[in-house]
Amino acid sequence: MELNRESALERAVALASRGRRAILGITGPPAAGKSTYAEQLVAELVAQGHQVALVPMDGYHLAQAALDELGLAAVKGAPQTFDGYGFVALLERLTESADETIWAPRFDRSLEDSIAASIPVPPETTLVVTEGNYLLFDGPPWSTGRALLDECWYIELDDELRHERLVARHQLFGRSPEQAHERAFGSDEDNALLIAATKPAADAIVTLS
């Protein structure tokens, strides 16, 4: 199924209006626009009066100190650099404990680290939107998390534009042009290929252009 912004909003409204809490996943390769789109979608839903919370997967990045200790700093963003089991446990709580306020971590790009218990999800929340790279992976622990999502959408973006955005993002956060290019076409591209392989498992493909 293919969705544009308008049809995707209608589908999200239906999820938020089910009468029970739903969880919508948004995935896609690095710099495809997942975070920006998820924020915009949540803002539109809230403006319509729906009780929606945005809980990104990025809050489960391993701490930079842990990545350094494990020798994984150079591949930050790869599946093994996340606390996947912790993220799945959060999804389980969001599904099973809808009568309590649940606190989720938030990733701060300026710090390059996560901040615990930063995002509240109150009981009245009818839709949780989560976005991240590996929501459609079929191996553990990600497959357990996928089963907890009511729907998962894949964000489609032209690779040339995505690469431009990725290089610009790395430069914005302090990398030289050479370092930004190396990261974007190195470990980031390896991750993008892994994520692209999960596209057929998506409930819908969202085109943002």
Summing -39500 (n - 2.57) over every DSSP H run of at least 4 in the chain, dividing by its residue total and rounding to the nearest 500, the 222 nm mean residue ellipticity is -12000 deg cm²/dmol
As I understand it, the dipole of the range 2-207 uses +1 on the Cβ of Lys and Arg and -1 on the Cβ of Asp and Glu, about the Cα centre. Which of Ala192, Ala180, Val206 lies farthest toward its positive end? Val206
Under the 7 Å Cα-to-Cβ spin-label approximation, Leu161 and Arg5 lie apart by a distance in nanometres of 1.1
Using the beta-carbon distance between Glu178 and Glu96 and R0 = 45 Å, what value does 1/(1 + (r/R0)^6) give for FRET efficiency, to the nearest 0.05? 0.40
Show the residues, 5+ positions off or on another chain, whose built amide H is closer than 5 Å to the amide H of Ser114. Gln64, Asp108
Evaluated over the range 2-207, the Cα radius of gyration and Dmax, each in Å: 16.5, 51
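Report, in debye and to the nearest 20, how large the dipole of the chain comes out about its Cα centre when Lys and Arg carry +1 and Asp and Glu carry -1 on their Cβ.
Values: 17 positive and 32 negative charges, 55 e Å.
Computed charge dipole of the chain: roughly 260 debye.
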How much of the DSSP beta bridge set in the range 2-207 is antiparallel, as a percent to the nearest 5? 30
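Ignoring the sites themselves, what is the longest stretch of the chain with no GluC sites (Glu not before Pro) in a DSSP loop and at most 14 other beta-carbon atoms within 10 Å?
1-99
Throughout, read-outs are computed from the coordinates displayed, never taken from laboratory work. The structure displayed is predicted, hence computed values, not measured ones. Positions of Cβ are backbone-derived with ideal geometry, glycine not excepted, and every protein chain shown enters the neighbour counts.
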